[in-house]
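No lab work stands behind these numbers, since they all come straight from the coordinates. None of the values given here were measured: they were computed from a predicted structure. Cβ placement follows ideal geometry from the backbone for every residue including glycine, while neighbour counts extend to all protein chains displayed.
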Amino acid sequence: MKVTAQDVKYIAQLSRLIVPEADLEKSTEEFNQILNYADILQKIDTTGIEPTPYVLPISNALRKDVAKEGVTHEEALLNAPEVYNDGFKVPRVIE
Amino acid sequence: MTKYITVIGLEVHAELKTKSKAFCSCSTEFGGAPNTHICPVCLGMPGALPVLNEQVVEFAIRAGLALNCDIKYFNKFDRKNYFYPDLSKNYQISQFDKPICLNGYIDVDVDGVEKRIGITRIHMEEDAGKLVHSGGNISTSDFSAVDYNRAGVPLIEIVSEPDMRSAEEARAYLENLKAILEYTDVCDCKMQEGSLRCDANISLMPEGATEFGTRAEVKNLNSFRALVRAIEYEVERQKEILENGGRVIQETRTWDDANGKTLSMRSKEEAHDYRYFSEPDLVPVELDDAWVERIRAELPELPAQRQARLIAELGLPKYDASIIVSNKAMAEYFDEAVKTTKDAKGIANWLLGDVSAYLNNEGITISEFKVAPAHLAELVNLTKEGVLSSKLAKKVFAEMLKGDKSPKILVRELGLEQVSDEGAIMKLVEEILAENPQSVADFKAGKERAIGFLVGQIMKKSKGKANPTMVQAMLKEKMQ
C-alpha cells in the first residue's frame, strides 16, 4: 500500500496537524514504512478468526446510575482561552 | 410527466432518562446554568477516563425489545472522530459496527392502511454540547459559546429503514416511536427541549425505478409539524431539480422553521471521514439471557397492546383507542377514569372532545389537567343516569375546571339536577299545552314537527332541567 504526499496532507488536516511542505516527502516515506509493515501483517491468513479489538479478558466495567457533583463552573472555565456568556468562546463554525 | 416516489428514512436521537451521564457521574438535569453539570471526563481533560453507566445499557435493551429488535450480546464502543467544538474530546463515543439492537420494526396505520416500518439498528452514544451562536444565527455569527452540560448525556439513535413513502407515514412512525419510548420510560420525549430529535433522509425516484435517488439529510426537525413540512418542502425542491434535468446533491440541510424551507448546511468539517475505531478506554459489554429476559419480563404494556385491550375489553372504537393510547399520560388518565364508570365510550368522548379542546386552548398537557379522573367518571355517570342532560353536563364541566369540586356537589350547588319527577314534568306539560293551543291543533292535524316546538318550550321553562325523553313521551301521551 502506498500513500501519496496528497494523502498525508489530507490526513494531517483531519487531525489538525501542520506538516510543513519541506517535511512532506519525509513524512510520506515514514507513512509508507508503517503501511509496509501493515502489508506484512495482512498477508497472514485470518479466515474464520474474529477481530480482537480488546486483548484483556475484562468486560462489563459498569457504574451505578448515581449523579455526583463534578467541578465548579469557575474551575471549568479556567481552561477557556476566552469566555462569553458563561460558555467557552469558540470561532465561527460555518464557512 | 414523470411521477416520483418519495423515499424517507428517519434517524431519531432519544436522550435516555438516566440521572447521570453516560460515561461520568455528572447530572443530566435539563436547564441548568451553562457549564454547571461538567467534570474532567465530559470536558475532555487529558487523562480522564470514561466509565459506562449500567442504566444506559438497561434502557437501550428495553427500547430494543419494545421495538421488536434482536438484541446483540457482544457490545463495544467506538470513537467517531471529528473536529467541532460541541465535542470537547474531538470524538464522540458511539457504537459503529456492533450496535446493541438490529432488525426491529414499528407497525403504523395511515388512513386505515397498516404498514410495517423497519428499524435497521439502535446504538448507544453520547450527546454533544450546545453551541449558542452570536447574533442568534449559525450562518451570520462571528463566534459561538459552548455549554457542555449536555455533553455526555446518553442517547440512543434509532435508524429506520427507508420504508416510508409520504410525510404522513413518517409522522405516524415518529408518533408511534415516541409513544413506545414514553411507555417504556426510557426517554421523556420533549421535542421542544431536544430530548427527542429527528433527522430525515429524503429522496425521490421515478416510478418504476429500482434504485433510490440521491438523498438529502434534513436536520433540526423539532416537532411533528416541522417533520411534515420539511418533507413536503424537500419533495417539491427535489422534484423541481429533477424535472429540469438536474441532479440532487447528497448533502445535509437544515430546516428553517420560520421561513418554511430547508437550507444547505456546509460546515468546516471534512465530509464524513470519521475514522471510527474501537474506544480503547472502555471494555466491552457482554449481555446474557438472564439480563435480557429479565428486562423482557419487566416490559410494560405497550401502545399496541393497550389499544387492543381498549377495543376488546372496553368496546372502544379503533379511532378513539388509537388517539388515547398515543399519549401515555392520556391513556393512564383514561384507565384511572374507567375504574369508576362502566361508560368507557363516555370517557373517551370527553377526552377526545371537550378535554382536548380545553388542553389545546390552555396550551397544557393532560399531566397538568386539574380535573381528577374520578370526577370526570362521575360526570359521565350523572349523564348516563339521566341526572344531567348533555348540555348541562358541559355547564358542570366548565365549573369543574374552576376548582376541585366533584360534579355531584356542583350539580347541587348550581341547582342543575335534571327533573325526572313525573308529577313535576306533567305540570310543565299541562302549562305549555294550555299556552300553545295552535301547536296542539297543528300536531293533531298531523304536523309532527309541532312537537319539537313544544318540547323546546318546556325545556326553556325548566331552564334545561326537564328530562327531555320524559317530556317528549308525556307530551305525546297527553295530546293523543
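To one decimal place, what Kirkwood hydrodynamic radius in Å is obtained for region B:1-106 from all pairs of distinct Cα atoms?
Every distinct Cα pair counted, the radius reaches 16.4 Å.
Sort B:Ile156, B:Ile425, B:Ile119 so the one with the fewest other Cβ atoms within 10 Å of its own Cβ comes first. Each step should come with its number before you reach the end.
Working: B:Ile156 27, B:Ile425 20, B:Ile119 24.
In order of increasing Cβ crowding within 10 Å: B:Ile425, B:Ile119, B:Ile156.
Show me, for region B:413-418, the HN-Hα J-couplings you get by feeding each phi into the Karplus relation (A = 6.51, B = -1.76, C = 1.60, θ = phi - 60°), rounded to Hz, glycine and proline as x.
With the stated coefficients, region B:413-418 comes to 4, 8, x, 9, 3, 5 Hz.
Angle check, please: helix A:5-14 long axis (alpha carbons) against the longest principal axis of chain A (alpha carbons), in degrees 0 to 90, nearest 10.
With rounding to tens, the tilt is 20 degrees.
For B:Tyr91, list long-range residues whose amide hydrogen, built 1.01 Å from N in the peptide plane, is under 5 Å from its own amide hydrogen.
Amide H neighbours of B:Tyr91, under 5 Å, 5+ apart: B:Tyr82.
Which of rounded, prolate, oblate describes region B:4-294, given a ≥ b ≥ c as roots of the alpha-carbon gyration tensor eigenvalues and a/c under 1.5 marking rounded, otherwise prolate only if a/b is larger than b/c?
Since a/c reaches 1.5 but b/c is at least a/b, the shape of region B:4-294 is classed as oblate.
List, in the order given, every pair from A:Lys9/B:Lys239; B:Lys239/B:Lys328; B:Lys130/B:Lys261; A:Lys26/A:Lys89; B:Lys72/B:Lys115 whose Cα-Cα distance in the structure shown is over 28 Å.
Beyond 28 Å between Cα atoms: A:Lys9/B:Lys239; B:Lys239/B:Lys328; A:Lys26/A:Lys89.
Tell me which aspartates and glutamates have Cα within less than 20 Å of B:Lys444's Cα, excluding those fewer than 8 residues away on the same chain?
Straight-line reach from B:Lys444, under 20 Å: B:Glu430, B:Glu431, B:Glu435, B:Glu477.
Could you work out the relative contact order of chain B? I mean the mean sequence separation of Cα pairs under 8 Å and 6+ apart, divided by the number of residues, in percent.
Dividing the mean separation by the residue count of chain B yields 14 percent.
Give the average over all directions of the projected area of the C-alpha convex hull of chain A, one decimal, in nm².
12.8
If neighbour count is taken as other Cβ atoms inside 10 Å, put B:Arg306, B:Arg294 in order from fewest to most.
By the 10 Å Cβ count, ascending: B:Arg294, B:Arg306.
Can you give the charge dipole size of the protein assembly as shown about its Cα centre, rounded to the nearest 20 debye, using +1 on the beta carbon of Lys and Arg and -1 on the beta carbon of Asp and Glu? List each step's numbers first, then the result.
Values: 71 positive and 90 negative charges, 450 e Å.
Dipole magnitude for the protein assembly as shown comes out near 2160 debye.
Give a quick list of GluC sites (Glu not before Pro) in region B:201-261 that DSSP marks as loop, anything other than H, G, I, E or B, with at most 13 other Cβ atoms within 10 Å.
Qualifying residues, ordered by number: B:Glu207, B:Glu211.
When a footprinting reagent is the concern and you count Cβ atoms within 10 Å, what order do A:Glu74, B:Glu399, B:Glu193 take, fewest first?
Result, fewest neighbours first: A:Glu74, B:Glu193, B:Glu399.
Please report the spacing between the Cα centers of region B:189-266 and region B:19-85 in Å, no decimals.
Each part reduced to its Cα centre gives a spacing of 29 Å.
Quick one: if you take sqrt(5λ) for each eigenvalue of the C-alpha gyration tensor of the protein assembly as shown, what semi-axes come out, biggest first, whole angstrom? Don't jump to the answer; show the numbers that get you there.
Details: eigenvalues 775, 145, 115 Å².
Listed largest to smallest, the semi-axes of the protein assembly as shown are 62, 27, 24 Å.
When the expected Rg is taken as 2.2 N^0.38 Å, what fraction or multiple of it is the alpha-carbon Rg of region B:422-479?
So the Cα radius of gyration is 0.99 times the expected 2.2 N^0.38 Å.
Check chain B for me: any Cys whose beta-carbon has no other cysteine beta-carbon within less than 4.7 Å?
Lone cysteines by the Cβ rule: B:Cys24, B:Cys26, B:Cys39, B:Cys42, B:Cys187, B:Cys189, B:Cys198.
Which lysines, if any, have their Cα less than 24 Å from the Cα of B:Lys408, not counting same-chain residues under 8 positions apart?
Straight-distance partners of B:Lys408: B:Lys339, B:Lys342, B:Lys345, B:Lys370, B:Lys384, B:Lys391, B:Lys394, B:Lys395, B:Lys460, B:Lys461, B:Lys463, B:Lys465.
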